[in-house]
Every structure is written in C-alpha cells, then in structure tokens.
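All remarks here apply to the structure that follows.
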Amino acid sequence: MGDRVDLPDDRDRQRTTVTDGFFEREIHLSRAATAEFLRDLADQIEADTSLTLSSQEWEIPFEYREPVEVEVEFSGGRESELEVELEFTEPRGGEELSVE
C-alpha cells in the first residue's frame with residue numbers, strides 16, 4: 001500500500017501536479033492491472049477522505065467529502081458497454097466542514 005494510486009505509463013518525464021483547470025486521460029489496462037488499480041484506490045478510500053491518482057507524468061491529489069457518487073450505466077446492442085463511474089466532490093467550505 002502506498003500514498004498514491006499509480007496508473008501504468010511508459011513515459012519517463014517530470015511529474016506534474018494537477019490542482020486546477022481541466023484534466024482528462026483515458027487509459028487501457030489489462031484485467032490484472034485494472035484489479036490492482038481498483039484495490040489501491042479502495043485502500044485509499046477506506047483509509048481517509050484524501051486520495052492521489054498518478055502516473056509517471058502527472059499526479060492529482062484530492063480531498064473529498066462523503067458520500068461518493070457511484071453511477072452504473074449499461075448500453076446494450078451490437079457492442080454492449082458497461083460503465084462504472086465514481087465521482088468524488090471536494091469538501092464544502094465554511095461551517096459545514098467538520099473534523100471528528
């Protein structure tokens with residue numbers, strides 16, 4: 001277990017920390033690599049409301065609040081597709097945020 005959830009990346013560059021703006025990457029993984037990624041992500045979710053996703057090229061540290069939105073979408077037809085989306089939302093500012 002580590003502090004980050006690392007995605008495989010074959011590039012060897014300086015890692016950029018993403019904290020603002022828009023960022024999107026689509027990565028194709030084997031079953032084994034996907035399972036390892038999800039286990040690492042689950043460990044971070046279970047441990048705290050702070051997670052970091054990263055590759056060799058970039059990292060995204062993120063503080064979030066509960067609940068986590070989980071969306072399941074199925075599209076049947078000639079080429080069926082199942083999509084599972086997790087949405088983490090940053091904590092609200094002000095008096096609504098509390099630490100126990």
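The values are calculated or read from the model by the stated rules, or taken from the named source; none is laboratory data. Computed from a predicted structure; not experimentally measured. Note: ideal-geometry Cβ built from the backbone for every residue, glycine included; neighbour counts use all protein chains shown. Accessible surface areas use protein heavy atoms only, side chains included; no ligands, DNA or RNA. Shrake-Rupley method; radii C 1.70, N 1.55, O 1.52, S 1.80 Å.
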I'm trying to understand the selection: among the residues of segment 45-64, which are without any contact (Cβ under 8 Å) to a residue 40 or more places away in the chain and closer than 22 Å to GLU24 by Cβ? ILE45, SER50, PHE62, GLU63, TYR64
Out of segment 27-58, which residues are open to solvent by 60 Å² or more (accessible area, probe 1.4 Å) and charged (D, E, K, R)? ARG31, GLU36, ARG39, GLU46, ASP48
